[in-house]
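**Student:** I am attaching a structure below and will ask some questions about it afterwards.
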Amino acid sequence: MRLTAATALGVIMILGGCAATTQSSPDEGASLKPADIASDQAPEETADFDLEYEKFTLENGLEVILHVDRSDPIVAFSTVVHVGSNREKEGRTGFAHFFEHMAFNDSENVPRGWNRKAIPDWGGQRNGGTWSDGTIYYEVVPKDAFDKILWIDSDRLGYMLNTVTRAALEREKQVVKNEKRQRVDNAPYGYTQEVIRAALYPEDHPYNWTVIGQLPDLQAATLDDLKEFYNQYYGAGNATLSIVGDIDIAETKAKVERWFGEIRRGPDVEPAAPQPVTLAETKSLYFEDNFAKLPELRLTFPTVESYNEDEQALNVLARIIAGTKNSPLYKEIVEEQQLAPDVSAYNNSMELAGEFVFRVRAKAGTDLDAVKSALDAALADFEANGVDETDLKRIKAEQETILYNNLSTVLGKANQMSSDNEFAGDPAYAIKQAELLRAVTADDVMAAYETYIKGKPSVITSFVPQGETALALEGAELASVWIEEVKADVASEEVSQGEEAEYEKTPSKYDRSEPPFGELPLIEMPDVWTATLPNGARAFGVENDELPLVSFDITFDAGSRLDPDGKVGVANLVAEMLNEGTATKTAAELEQAIGLLGSGISVSANTDSITINATSLARNFEETVALIEEMLTEPRWDPEYFEREKSAALTTIRDRQANPQYIAAGAFAKLIYGEDHPNGRFSIGTEESVETITLDDLKSSFGMMLATNVRMHVAGAVSEDRAEAAFSDIASILPADKIAFEEALTPVQDKQGEVFFIDVPGSKQSVLYIGQLTVATPNPDFLKIEFANEKLGGGISGDLAQVLRIEKGYTYGAYSYLQNGLVPEPIIVSTSVRANATQASLDVIEDMLEAYGPEFDDAAVELTRQKLVKQDTLAYESLNAKRDMLGEISKYGKSLSFVEDEQQQLLSMPLEEYKRVIAEYLEAPGMTWVVVGDGETQLQPVTDFAEGNVTVLDIHGDPVDGETK
């Protein structure tokens, strides 16, 4: 197939769950563009990007983009409406995002709640997002649901307003408030954007407020506000629809006309003209963050709007100045002065204006004045030495791979094409964008720096831990932030779905009832090849030439389970040090060598493995493998690098201590497994264990790693012969004799039915983490537990989310899941609920678990079958998904046709077996309950739930003396 558009800078980041989002920045994965591959040879030809699509406009003004991609039997839909938070009026901040939530509720011809529930039940994925300039709604489904998505999407865009009730409005307010509490109020550094925007933009500027807005504004929203917003902005003439996948162009055009053609055009929405801002002087602000454990410094400079001629140069500047180990900020702040484990910079060009941001999250106790001085010194170095031409070539080269990755799924293409059409007027704008970036010169980068950064005023924010204001920049003024006080028994927060609206349906010349499914697509695993390599290594591969990309990994069966007693964190540091150069290459030189190939290599560790992940252009596969071989044969055990990585690990550990979800997960694992079991602790270790680790410990662990079993997995445009030859070179350097070790014994479970509480003062939400130990992945019951759990907690359509979010408005999301593992793993129920709904949520979950087995019936069996069978059409679309599928085969001994095998197990599993599995693994009495929240207000309600028997733990999961109630 031929290439389509790349992911343009400025397209929203799609997050899990409906999200108020911001524009992406280069260091967050947004696409710069492909260019030269190496600095010491003539530039190699890059791909000739082309885009084959059909664009047409309905009479009502809706612009439609169609693109055929028959690589999988799936279809993606993306609707972009040209309205974001920049169109909101005073006193109604956050309304664009709130309306997006409301649009997923009801519409005239679709049954209540189906926007959120039915699509996952059909095997699809759906979501939406709002950013400063726009709103997106998207789905990807098996092709048999093609007509059903046209039906749902058209009804949402054109026929939802009559169905909105006061009760639905109030319920969704609680959901959005919970989202803000989870993403902003209860998150470290969550208020940063609020502080920056208020300081950078004048009060009457549309970017003065954040996308999610202020809760008092949200609470004040009325039905009239909703109708006014819809009537002004939600006409067909203010939107683009793109459809990408296994479609027939002529048939799709006719169906789009049928379903969308009658939707009202809406009033003309005038394009928003750029509104760049300037600062007369630098503003320095500080904020004491209740959840932060580390001080963070940000400098934000006003820049240009999207599509401005300077945008690409600013994007490249961010990478040059802070995005690599050769960058001036990294060398000065991380390497020379060792003030932080990392640095970052990005340019964020939006529709009206832009921002260039430097961000440094420093080590604990670091004075941010020292960070600012180091940053100034780095900028002075950049001014003196300019742009490194090799770095510029490398940055361009890396973007070809990023570009292909962004095109690797139909949903990525659909979202990109609809956004580019709506905001640039061209579905193929990324082709032009690629040309613009390839044309960026060192002079362009320096000109951008001198125009927008050098000597220019900025907004400087110092976010420091509670009680550590001395770390803030000298002279900084206290930032003003509105902080919610969550109170018990607030009547306005007790909500329900309420009665359905009464209205007269909008007339239509078409039958707008639910269309039938199309033909069920056949689901087959791709052909898998296997090979035995020297010294017992094994290789697994899938050849796929849709894109000239290769995704592969080399996995050693090591991990933190082999860490010495008292030194948890060794495997993690081994992985980090492998990223830090070779005997003949410094960390910066290795990074540059990888980047000049357009490749990416990273090493990571978890409980039972150390894995080298890599992505490369197909033409550079062997050269990329050769660099990995060099990393394994000649690791750079540099004492200075080691101390820096050790310090970075300690900083990360301290940073995580501010995260309620992390606290809950850690405490739960310790309760289930015990602190001495590899699964009862985080692989990164603790402050105490990491402090004791030496460089010799890493060398010894590395030797053990090489002597463990090795599995290699590859998916993409490389043949079996090429892959086997390249991997054999690595296998040949490994020892023939393998170390033997046994899996740790799982302790007796003695915490079932017990309730534990961890106090995080000031929490606006309570994190609930509930579960019990089940079985390991190879156990025959494991798959059955996954089947039985799907209806309970499998995504937004699961019972937990439908009750706790959709019906009650207690939370932004609630799920249950089972993780893969070689040792028994827990089934987990997890959610973050409004603080004053903690006890009510616990009661609801307990009741649901108690009723789940007795109420599970034949209809539930059929629903589970349909949902999971169809989900498999989406499960292995991307190269990374295909590679991970190979990992399941090699690690757990699954068959080369395990997808089909598991489908047959699903289809043949009777109701009685579901009930047995639920009774054994999913009933309330077997659960351990962990609650993380504000002790002052929530310990007593949790104690009431537990009938007086609660054990209070500290943030490390250890009992607090005398605090058992």
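**Student:** Might you let me know whether the stretch 461-479 holds any residue that is of a type in the set (Ser, Thr, Tyr), crowded, with 21+ Cβ neighbours inside 10 Å and touching a strand residue (DSSP E or B) at 6+ places or on another chain (Cβ under 9 Å)?
**Tutor:** yes
**Student:** If you don't mind, there's one more thing I want to ask. Report yes if GLU351 is crowded, with 19+ Cβ neighbours inside 10 Å, farther than 19 Å from ALA448 by Cβ and either β-branched (Val, Ile, Thr) or touching a residue at least 12 places away in the same chain (Cβ under 8 Å) (or both), otherwise no. Steps first, please.
**Tutor:** Details: crowded, with 19+ Cβ neighbours inside 10 Å: yes; farther than 19 Å from ALA448 by Cβ: yes; either β-branched (Val, Ile, Thr) or touching a residue at least 12 places away in the same chain (Cβ under 8 Å) (or both): yes.
It is true that GLU351 is crowded, with 19+ Cβ neighbours inside 10 Å, farther than 19 Å from ALA448 by Cβ and either β-branched (Val, Ile, Thr) or touching a residue at least 12 places away in the same chain (Cβ under 8 Å) (or both).
**Student:** Among (1) in contact (Cβ under 8 Å) with a residue 24 or more places away in the chain; (2) assigned to a helix (DSSP H, G or I); (3) open to solvent by 60 Å² or more (accessible area, probe 1.4 Å); (4) more than 24 Å from LYS505 (Cβ to Cβ), there is one condition ALA250 misses while meeting the rest; what is its number?
**Tutor:** That leaves (1) as the condition not met.
**Student:** Answer yes or no as to whether THR651 is of a type in the set (S, T, N, Q) and open to solvent by less than 40 Å² (accessible area, probe 1.4 Å).
**Tutor:** yes
**Student:** Any idea which of ARG361, ARG264 is open to solvent by 40 Å² or more (accessible area, probe 1.4 Å) and touching a Gly at 6+ places or on another chain (Cβ under 6 Å)?
**Tutor:** From the options ARG361, ARG264, the qualifying one is ARG264.
**Student:** While we're here: Here is a list: VAL899, VAL932. Which entry is closer than 22 Å to GLN819 by Cα and outside any helix (DSSP H, G or I)?
**Tutor:** VAL932
**Student:** Okay, next question. Does any residue in the stretch 784-797 that is within 12 Å of ILE918 (Cβ to Cβ) and modelled with pLDDT of 95 or more come within less than 7 Å, Cβ to Cβ, of a residue that is small (Gly, Ala, Ser) and open to solvent by less than 10 Å² (accessible area, probe 1.4 Å) six or more places away or on a different chain, and which pairs are these?
**Tutor:** ASN789/SER816; LYS791/GLY798; LYS791/ALA860; LEU792/GLY798; LEU792/SER816
**Student:** Would you mention how many residues in the stretch 290-307 are at pLDDT 95 or above and either open to solvent by 40 Å² or more (accessible area, probe 1.4 Å) or in a strand (DSSP E or B) (or both)?
**Tutor:** Here the count works out to 8.
**Student:** I'd like to check something: does the stretch 892-913 contain any residue that is more than 30 Å from the chain's Cα centre (by Cα), open to solvent by less than 20 Å² (accessible area, probe 1.4 Å) and more than 23 Å from VAL803 (Cα to Cα)?
**Tutor:** So far as the stretch 892-913 goes, yes, one or more of its residues are more than 30 Å from the chain's Cα centre (by Cα), open to solvent by less than 20 Å² (accessible area, probe 1.4 Å) and more than 23 Å from VAL803 (Cα to Cα).
**Student:** Being open to solvent by less than 30 Å² (accessible area, probe 1.4 Å), at pLDDT below 95 and more than 22 Å from SER609 (Cα to Cα) is the requirement here; does VAL495 meet it? Spell out the reasoning first.
**Tutor:** On the way: open to solvent by less than 30 Å² (accessible area, probe 1.4 Å): yes; at pLDDT below 95: yes; more than 22 Å from SER609 (Cα to Cα): yes.
Spelling it out, VAL495 is indeed open to solvent by less than 30 Å² (accessible area, probe 1.4 Å), at pLDDT below 95 and more than 22 Å from SER609 (Cα to Cα).
**Student:** Right, another one. Between ALA428, ALA439, ALA397, ALA434, which is modelled with pLDDT under 95, surrounded by fewer than 24 Cβ atoms within 10 Å (Cβ to Cβ) and under 28 Å from the mean Cα position of the chain (by Cα)?
**Tutor:** ALA428
Residues are listed down the side, and each one gets a yes or a no for (1) assigned to a strand (DSSP E or B); (2) not acidic (Asp, Glu):
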| site | (1), (2) |
| --- | --- |
| PHE98 | no, yes |
| ASN115 | no, yes |
| GLY128 | yes, yes |
| ILE136 | yes, yes |
| GLU139 | yes, no |
| PHE146 | no, yes |
| LEU150 | no, yes |
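**Student:** Could you run through the stretch 531-585 and say how many residues are hydroxyl-bearing (Ser, Thr, Tyr), touching a residue at least 40 places away in the same chain (Cβ under 8 Å) and under 21 Å from SER890 (Cβ atoms)?
**Tutor:** Selection size over the stretch 531-585: 3.
**Student:** From the list TYR769, TYR810, TYR815, which residue is touching a Leu at 6+ places or on another chain (Cβ under 7 Å), of a type in the set (Ser, Thr, Tyr) and at pLDDT 95 or above?
**Tutor:** Going through TYR769, TYR810, TYR815 in turn, just one is touching a Leu at 6+ places or on another chain (Cβ under 7 Å), of a type in the set (Ser, Thr, Tyr) and at pLDDT 95 or above: TYR815.
**Student:** A further question follows. Run down GLY518, GLY541, GLY536, GLY566 and say which single residue is under 30 Å from GLN866 (Cα atoms), surrounded by fewer than 19 Cβ atoms within 10 Å (Cβ to Cβ) and of a type in the set (Gly, Ala, Ser).
**Tutor:** GLY518
**Student:** Quick test for you: out of LEU868, LEU874, LEU863, pick the one residue that is crowded, with 22+ Cβ neighbours inside 10 Å, part of a helix (DSSP H, G or I) and touching a residue at least 24 places away in the same chain (Cβ under 8 Å).
**Tutor:** Result of the check over LEU868, LEU874, LEU863: LEU874.
**Student:** Give me the residue from the stretch 683-713 that is touching a residue at least 40 places away in the same chain (Cβ under 8 Å) and in a loop (DSSP other than H, G, I, E, B) and, out of that set, most open to solvent (accessible area, probe 1.4 Å).
**Tutor:** ASN709
**Student:** Which pairs turn up if I take residues in the stretch 886-897 that are closer than 10 Å to THR555 by Cβ and look for partners that are open to solvent by 50 Å² or more (accessible area, probe 1.4 Å) and β-branched (Val, Ile, Thr) with beta carbon separation below 6 Å, at least 6 apart in sequence or on another chain?
**Tutor:** none
The values are calculated or read from the model by the stated rules, or taken from the named source; none is laboratory data. Worth saying up front: this structure is predicted, and the values here are computed from it rather than measured. Cβ coordinates were reconstructed from backbone atoms using ideal geometry, including for glycine residues, and neighbour counts include every protein chain displayed. Side chains are part of the model used for accessible areas, which takes the heavy atoms of the whole protein and leaves out ligands, DNA and RNA. Shrake-Rupley method; radii C 1.70, N 1.55, O 1.52, S 1.80 Å.
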